[in-house]
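See structure below.
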Amino acid sequence: MKHVSVIGCGNMGGAFVRGLAKAGGYRVTAIDLDPDALEGVADAADETTTDSAAARDADVVVLAVKPSVAAAVLDDLDLRADQTLITLAAGVPREFVAAQTDANVVRIMPNLAAETRDMAAAATQEGITDEVRAILDDLGEFVVVDESKMDTATAVNGSGPAFAFYLIEAMKDAGVDAGLDAEQAETLAAQTFKGAAETVLQDERSVDELIDAVCSPKGTTIEGMDVLWDSDADEAVRAAVKAAERRSRELAEEFENE
Ligand SMILES: NC(=O)C1=CN([C@@H]2O[C@H](COP(=O)(O)OP(=O)(O)OC[C@H]3O[C@@H](n4cnc5c(N)ncnc54)[C@H](OP(=O)(O)O)[C@@H]3O)[C@@H](O)[C@H]2O)C=CC1
Ligand SMILES: O=C(O)[C@@H]1CCC=N1
């Protein structure tokens, strides 16, 4: 059984802890300075502690604190060369982390769906091991990218859930405005996004072919698609991704200047 310690059990670290607990086969230690954060993962973790020294007992340590406190946490950690440290802080270069620990370091960009084991993650080739691959497999889907692509991955799959939540809400609101019950509209909108995503992942057809499959001749969908094709909706999504990517680059520059 692999022993994984998660340092920082807020939104992302907490999702990691709960996802690993659901996957099974892991001993999970949750580490956070905030007792409320530990309370939030107490049901899922095998043990909780405020003492970061506990990370020395793990095979794999997940550093899930804010980029601004990563350096201070690393300063206190005294990991061994036979341990792997997964860093997931946005904009924090792998080399910055590797320079402060003896552990093998891999940088990943995960997302909140670690909790339901539907995570999309990007990982650097450098530092990836079979045990890291197994963890990422257990929490969803992952791709290996060159670290130069990490700012883009941060925007697409790290920030991406927020963009998808926004689109689901827009679909839900449209249903509510037209008279659907709010709870039912949320179920229909969210399940539609989930089903569409699953279809894209599993179906051999391209997205254009799938759109075509939904558009019956002279039917309803083509009327809605004409509105979308004539709009700037795709431009707005691109602009959101670009803005998040730019911020990831800015964060990285702050670390490169340290
Ligand atoms: N949120 C997301 O969807 C994603 C986040 N990330 C990355 O994950 C990291 C964490 O983000 P997020 O989970 O949103 O942040 P949160 O603030 O929700 O969680 C961070 C947690 O770390 C705790 N913490 C602070 N200092 C220490 C310390 N020295 N030792 C142990 N724990 C500490 C915080 O406690 P306190 O609140 O008391 O400070 C908090 O509970 C960031 O680097 C972010 O870039 C990556 C992908 C997606
Ligand atoms: O907003 C952020 O900075 C973090 C990184 C990706 C998702 N959340």
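Data overview
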| quantity | calculated |
| --- | --- |
| Number of the condition not met by Asp130 [criteria: (1) under 24 Å from Arg18 (Cβ atoms); (2) within 16 Å of ligand 2 (Cβ to nearest atom)] | (2) |
| Candidates Val28, Val60, Val17, Val73 - the one that is touching a Lys or Arg at 6+ places or on another chain (Cβ under 8 Å) and of a type outside the set (Phe, Trp, Tyr) | Val60 |
| Hits in segment 88-116 (condition: under 19 Å from the mean Cα position of the chain (by Cα) and among the polar types (S, T, N, Q)) | Asn111, Thr116 |
| Residue identified as out of contact with any strand residue (DSSP E or B) (no Cβ under 8 Å at 6 or more places or on another chain), surrounded by fewer than 19 Cβ atoms within 10 Å (Cβ to Cβ) and polar (S, T, N, Q) among Gln100, Gln125 | Gln100 |
| Subset of segment 212-234 [surrounded by 11 or more Cβ atoms within 10 Å (Cβ to Cβ) and more than 18 Å from Ile168 (Cα to Cα)] | Asp212, Ala213, Val214, Cys215, Ile222, Asp226, Trp229 |
| Selected residue (criterion: nearest to Ala243 (Cα to Cα)) from residues of segment 75-102 that are of a type in the set (Asp, Glu) and in contact with a helix residue (DSSP H, G or I) (Cβ under 8 Å, 6 or more places away or on another chain) | Asp76 |
| Residue check for Gly195: in a helix (DSSP H, G or I), of a type in the set (Gly, Ala, Ser) and not assigned by TED's automatic domain parsing to the domain that holds Ala121 | yes |
| Segment 213-258: number of residues that are of a type in the set (Gly, Ala, Ser), assigned to a helix (DSSP H, G or I) and more than 30 Å from the chain's Cα centre (by Cα) | 2 |
| Residue list for segment 123-137, restricted to those being of a type in the set (Asp, Glu) and closer than 24 Å to Phe163 by Cα | Asp137 |
| Single condition Val6 does not satisfy, out of (1) of a type in the set (A, V, I, L, M); (2) crowded, with 16+ Cβ neighbours inside 10 Å; (3) closer than 23 Å to Asn104 by Cα; (4) out of contact with any strand residue (DSSP E or B) (no Cβ under 6 Å at 6 or more places or on another chain) | (4) |
| Sole residue being within 19 Å of the chain's Cα centre (by Cα) and closer than 15 Å to Leu77 by Cβ, chosen from Val28, Val6 | Val6 |
| Matching residues, segment 188-212, being over 24 Å from Glu141 (Cα atoms) and either within 20 Å of the chain's Cα centre (by Cα) or not hydrophobic (A, V, I, L, M, F, W, C) (or both) | Asp212 |
| Sole residue being among the charged types (D, E, K, R) and surrounded by fewer than 19 Cβ atoms within 10 Å (Cβ to Cβ), chosen from Asp138, Asp151 | Asp138 |
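The values are calculated or read from the model by the stated rules, or taken from the named source; none is laboratory data. Just so we're clear, the structure is a prediction, and the values are computed from it rather than from any experiment. In this analysis, Cβ positions are derived from the backbone assuming ideal geometry, glycine residues included, and neighbour counts consider all displayed protein chains.
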